[in-house]
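Laboratory data are not the source of any read-out in this text; all were calculated from the coordinates shown. From a predicted model like this one, the values you see are computed outputs, not experimental measurements. We place every Cβ from the backbone using ideal geometry, glycine too, and count neighbours over all the protein chains shown.
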Amino acid sequence: MSRIVGIFISMIVLGISANAEAMTKDTLMANMIKAYGGESSLVHLNIYKQVWHIETKVSDKNGTDNRTVIMPNALTTKLVYPHKTEERILDKGVGIKKFGDKTINVSGPMLDAMKLQLLRVYSPLIISQYSKDITLSTVDKQFMLSLKVDEVVSEYFVSSETFMIEKVVGRLHLGEQEMEFLTLYQDYKMVNGVMVAHTEVKYAGGINTAIMRLKNMQSFKAK
């Protein structure tokens, strides 16, 4: 009996491995697009505005994140706290930051961090446009799509059951050291026919920095 059970378990394991190997990145991305609501619905994630409540985990001052996304090249994030306001603008690889009346041009690791912020909000439809630059691997019960743009790397961890993005890991270099940014995506709900995560749990260098909850979202049609 134990031999039969062993053979049965081996068949299951081999079957899982075969399915993982058979999953190409293009097939995976097609499944992701379908799971999120289909291509016609995902266009609502090409241009949109969101308002997030920020529960800060490293201080007692919570805030608001006003996010504007224009795929695939532009991201504006305005962070409003009781004691300060900061605006980060990335457009076609050029970054600036505004602190009150002060504006600075961003370069180096600070610019790379802004690029990672844009990459992490790429929808499956936009990710699929970078298919030739993406590698696919499996990690536990997740598929992992790795995309390198310029000198930064974004890794999208996709559920093998739901085909939803469950976390994104962004990597950049600070000299000879690597810095890792992790975002967990939870509480998916339908908005304008497309699945949108309503909770983001953020880590920087292994430290939980914030929990963000979506308060409002408005999408626009591209001109």
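Shape class of the stretch 115-223 from the alpha-carbon gyration tensor: rounded, with the ratio a/c of largest to smallest axis under 1.5. When the alpha-carbon atoms of the stretch 44-197 are used, the pair Rg, Dmax equals 16.0, 48 angstrom. Along the chain, the exposed loop sites are GluC sites (Glu not before Pro) outside DSSP states H, G, I, E and B with at most 16 other Cβ atoms within 10 Å, and the longest stretch free of them is 1-150.
Cβ under 13 Å from Leu174's Cβ, Leu174 left aside: what net charge do those residues give with Lys, Arg +1 and Asp, Glu -1? Walk me through the intermediate numbers first.
On the way: positive: Arg171; negative: Asp112, Glu151, Glu176, Glu178, Glu180.
Residues near Leu174 contribute -4 overall.
Can you give me the C-alpha center-to-center distance between the stretch 127-181 and the stretch 84-125, rounded to a whole angstrom? What the calculation gives is 20 Å, centre to centre.
Over the chain, calculate the relative contact order: mean separation of alpha carbon pairs under 8 Å at least 6 apart, over the residue count, as a percent. Walk me through the numbers on the way to the answer.
Working: 425 pairs, mean separation 45.8, N = 223.
Result for the chain is 21 percent.
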